[in-house]
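Worksheet: one structure, shown below.
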Amino acid sequence: MSSPAALREGYEHFDPRAYLRNNYLPPRADFSSEEFVVPWKLRCLAETFASGEIRGRTLIDVGSGPTIYQLLSACDHFEEIVATDYLAVNREELGRWARGEPGAFDWSPFIQHVCKIEGRGEPWQDKERRLRQRLRRILPIDVHRPEPLGAPLLPRADALLSAFCLEAVSPDRAAFVRALAHVGNLLRPGGHAVLLGALGESFYLAGPARLPVVPLEESDVREALAAAGFALRELRSYAMPPALRTGVDDVDGVFFAHAQKPLEG
């Protein structure tokens, strides 16, 4: 397996726009049916945040990549959202969208779909504006460090969100567990963690970069969360249909997990 150093070197060739084309345009970003992977992910997030249980002052998104879709249902429940990524190119891509710059990736179909499934009749532009207002910081992060943001810059977060990050930057399952524990250090006792990730994936493409992924099964996710000190609340999985196996990765499916950090003492 690759070392963390080798993984970092591979990510120097990561192309955010290629990654977005591969995963967040059709056929994967097809909103015509709930059977497609992107609507499935958005519904998992919408239903989980609709409970109102996961809320507070600060949510930290761990390894945001160049994407904001994962924050759309969360943004109504937090005063501040902190996006993070190891790569400067991803932080720059997020910044372009947050500032509304010309040429930023068009997330409006995602925002419109989330407004539709949340069913409040809200104009999608209002949600877009609210997320931009609450996305106040975009910070560098390294999940292989015990304090992933460096010296503690923030109070412990009320919730963490992470989508397709930890398994993609961990050389093996043990490193995945350690990364989960490290990001858990950013979370207050009793805080919630919401995770999306790949099942059965060993690589994905992002332009010239072919990046390794630690292949996970549902049982690995359960065991890793327990080993990292989280109590699992819910675990769902999605099997990638043949039509969406486009050659940009070898993913078998997607998991969605809601876990909680126990109260101390």
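For ARG57, which of the numbered conditions (1) open to solvent by less than 10 Å² (accessible area, probe 1.4 Å); (2) over 18 Å from the mean Cα position of the chain (by Cα) fails to hold? For ARG57, the exception is condition (1). Among the candidates VAL251, VAL183, VAL169, VAL194, the residue that is open to solvent by less than 40 Å² (accessible area, probe 1.4 Å), aliphatic (A, V, I, L, M), within 20 Å of SER64 (Cβ to Cβ) and without any contact (Cβ under 8 Å) to a residue 60 or more places away in the chain is uniquely VAL251. Scoring ARG130 on the criteria (1) part of a loop (DSSP other than H, G, I, E, B); (2) among the basic types (Lys, Arg); (3) under 28 Å from SER108 (Cα atoms) leaves a single failure, condition (1).
Yes/no matrix, rows are residues, columns are (1) among the aliphatic types (A, V, I, L, M); (2) over 17 Å from ALA83 (Cβ atoms); (3) in contact (Cβ under 8 Å) with a residue 60 or more places away in the chain:
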| site | (1), (2), (3) |
| --- | --- |
| ARG129 | no, no, no |
| ARG134 | no, no, no |
| ALA151 | yes, yes, no |
| ARG156 | no, yes, no |
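Number of residues in the stretch 72-93 that are surrounded by fewer than 23 Cβ atoms within 10 Å (Cβ to Cβ) and either among the hydrophobic types (A, V, I, L, M, F, W, C) or at positive phi (or both) equals 6.
The criterion of being among the hydroxyl-bearing types (Ser, Thr, Tyr), buried (at least 18 other Cβ atoms within 10 Å of the Cβ), in contact with an Asp or Glu (Cβ under 8 Å, 6 or more places away or on another chain) and within 21 Å of VAL37 (Cβ to Cβ) does not hold for SER202. Scanning the stretch 214-248 for residues that are aliphatic (A, V, I, L, M), open to solvent by 30 Å² or more (accessible area, probe 1.4 Å) and more than 30 Å from PRO26 (Cα to Cα) yields ALA226, ALA227, ALA231, LEU232. Considered as a group, the residues in the stretch 250-263 that are within 18 Å of LEU180 (Cβ to Cβ) and in a loop (DSSP other than H, G, I, E, B) include one that is modelled with the highest pLDDT, and that residue is LYS261. The C-beta contact set for the stretch 8-34 (first residue modelled with pLDDT of 90 or more, second residue loosely packed, with under 15 Cβ neighbours inside 10 Å and of a type in the set (S, T, N, Q), distance under 7 angstrom, 6+ apart or interchain) comprises PRO27/THR246.
In the stretch 214-238, the residues that are free of Cβ contacts under 8 Å to residues at least 24 places away in the same chain form Cβ pairs under 9 Å with partners that are open to solvent by less than 30 Å² (accessible area, probe 1.4 Å) and β-branched (Val, Ile, Thr), at six or more places apart or across chains, as follows: LEU235/VAL221.
The values are calculated or read from the model by the stated rules, or taken from the named source; none is laboratory data. Not measured: the values here are computed from a predicted model. Because the Cβ atoms are built from the backbone with ideal geometry, glycine has one as well, and the counts that use them run over all protein chains shown. Surface accessibility is based on the protein's heavy atoms, side chains included, excluding ligands, DNA and RNA. Shrake-Rupley method; radii C 1.70, N 1.55, O 1.52, S 1.80 Å.
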